[in-house]
Each structure stands twice: as structure tokens, then as C-alpha cells.
Ligand SMILES: Nc1ncnc2c1ncn2[C@@H]1O[C@H](COP(=O)(O)OP(=O)(O)O)[C@@H](O)[C@H]1O
Ligand SMILES: [Mg+2]
């Protein structure tokens, strides 16, 4: 039997199993297909060498779905900021190295982020700020971009990066893993490091501190990532519409207007 959960995520609980592994057990209403998709993503990520966290099997408990994996030692990059404040100066570089590792891999089996966001345009009610014509133009433009197999994590912030006592870094949480051009993920990181919601429940003072910290981490992140894997800013511009639509589906209150405006502008500028 599993022990009490030791971490609570957005969609489920993380528990230790008796044999020293970890069970990520989703909440009852979480769909089986999504649990299975994350299981498969995490398996590909392990097999490709994106992370050393091995994935074992799907589990069903009283109608809830989940899967088992290796225990990942250490604490998240966010917690490191409190445990060892000097780490703040190193975090951006570590995060960049993990992005470069993930982006060096190819996998055709992951979902294509282009077709995924076209589906969002078709079915997600949060996209109704766009006219039908704008949606059609956006889809035509997005599908005119080449199909690619580069692995994208798409939620690779410091909270999903675990740092152990030796300073070794491992990536977790492959919920959103996809394939596509890495410029999509760079555009998303640019948004994370400037405009994204920090912590919905934090006080204004806490958020002010987090906002300063994010700049301190963001600068070395981009510097190091560019050194490891050079890219052009034009490419990031070209692909940013995909990142904005992907993120807009999350419908976070403090991001709504910003993302809707970005999407409108991209369609105006690029989708003829
Ligand atoms: N394999 C693991 N080993 C140790 N801790 C884990 C593992 N997977 C998740 N966790 C812990 O649980 C938290 C939530 O898990 P995560 O997969 O990131 O879910 P969410 O999608 O909710 O962010 C993580 O921040 C981490 O503290
Ligand atoms: Mg997470």
C-alpha cells in the first residue's frame, strides 16, 4: 500500500510506494486518456534520455488513474531559492542546460503541437475572442509551418526541475510534452520570464519579489541557452503564435488579456 501523499499537484497526488518508487495518482475526475498520455510521454522522455526518471506501469485505484516511476531526489528549483538562496544565480543556467538536452532529442510519437493548437482554436471556448475568419487564418498559417519532431516539454519552469544535494538536475512532469520546432518553447519561456502569472495566491509583496527573482533567473537562462543552442529571434517571432494559443487555453485570469492581445497581433502581422 502507498504511504500518505508527500506532494500535491494540480491534477493529483504524489505518493511513495512500499518499494521506494513514486505513484502519481490523479484526482477522480481526471480523464483516463490524459493519465495514459502523460504515462506515455514520461516513458518516451526516459527512453530518449531526457530524464533519468524511469516510468513503470499504469495503475488504477478506486476509479482513479495514475502511474509509477522512480523517486526523484532533491527539491524543486523554486524551493532551492529558499533552501539555498545562492542557487538563484545558478538556476537559470541549469534550466537552460535541461532545455538544450530536451531539444536535442527527436520523437515522432508525441503530439504535434501545431495540430494540437489548431484543435484548441476549433473547440476551446476561451478562443472565442477571435472571429471565425481569424481562426481560419491562424490555422492556415500554423499548418504552413513545417512538421518537426523535436521534443518539447512545454512546462519546463524551475518548479519542474528537481535539484539534488550534489547539484544534479532532473526534469519531471511531462504532462504537456509535444513535438515541434523548439522556437515554440523559447517563445513560451520568454512569456514565462516576463508576463506569465506567478503565484495566484501570493500577496502583492511576494509577487513583487518573485517578479524581481524571475528577471535574475531569466537573463542567464537565455544567455546560456543561446550559447548551447543558437537560435534566431525571427524564428521565435514566427512560432510565438503557437506558444500563445497553447498557453491561452489554460485561461489564467491574470494572463487572459495579455495573451489574447498577443494572439490578435500575431494574426494581424503574420496570418494573411
Ligand atoms: N518522481 C518524483 N519524485 C519525487 N517527487 C516528485 C516526483 N514527481 C513529482 N514529484 C513532486 O510532486 C510535485 C508535483 O508533481 P508534478 O509531476 O510536477 O505535477 P503537476 O502537474 O501537478 O505540476 C513536484 O513538484 C515534486 O515536488
Ligand atoms: Mg509540475
### Query
Relative to the first principal axis of the alpha-carbon coordinates of the chain, what is the inclination of helix 204-228, with its axis defined by its Cα atoms, in degrees from 0 to 90 and to the nearest 10?
80
### Principal semi-axes in Å for segment 1-107 [√(5λ), Cα gyration tensor, largest first]
26, 19, 12
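Could you tell me the relative contact order of segment 164-272? Use alpha-carbon pairs under 8 Å, at least six residues apart, and round to a whole percent.
Numbers: 52 pairs, mean separation 36.9, N = 109.
34 percent.
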### Task
Highest first, please rank the peptides 42-55, 248-261 by the mean number of other Cβ atoms sitting within 10 Å of their residues.
42-55, 248-261
### Query
Angle between the Cα long axis of helix 132-144 and the longest principal axis of the chain, 0 to 90 degrees, nearest 10?
70
### Task
Provide, for q = 0.17 Å⁻¹, the log10 of I(q)/I(0) from a solvent-free Debye sum over equal Cα point scatterers in segment 197-265.
-0.87
### Task
Note the angle between two axes, namely the Cα long axis of helix 233-248 and the longest principal axis of the Cα atoms of the chain, as a number of degrees from 0 to 90, rounded to the nearest 10.
70
#### Entry: Using a Förster distance of 45 Å, the FRET efficiency for residue 206-residue 268 (Cβ separation, nearest 0.05)
0.80
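Sorted by average packing, counted as other Cβ atoms within 10 angstrom per residue and highest first, what order do 125-136, 14-25 take?
Working: 125-136: 13.2, 14-25: 16.8.
Packing proxy ranking, top to bottom: 14-25, 125-136.
Short version: what are the Cα gyration tensor semi-axes of segment 75-270, square root of 5 times each eigenvalue, largest first, in whole Å? Could you put the intermediate results ahead of the total?
On the way: eigenvalues 165, 80, 40 Å².
Taking √(5λ) for each eigenvalue gives 29, 20, 14 Å, largest first.
Counting each DSSP H run of 4 or more residues in the chain as -39500 (n - 2.57), what helix-only mean residue ellipticity at 222 nm follows after dividing by all residues, to the nearest 500 deg cm²/dmol?
Numbers: 9 runs with 131 residues, N = 272.
About -15500 deg cm²/dmol.
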### Query
Pick from 237, 33, 13: which is most flexible by mean-square fluctuation in a GNM of the chain where alpha carbon atoms under 10 Å apart are linked?
33
#### Entry: Additional length obtainable on full extension of the chain from residue 198 to residue 47, 0.36 nm per residue less Cα span
51.2 nm
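All of the numbers you see were taken from the coordinates with simple rules; none came from a lab. Note that the structure is predicted; figures quoted are calculated from it, not measured. Reconstructed Cβ throughout: ideal geometry from the backbone, glycine too, with neighbour counts over all protein chains shown.
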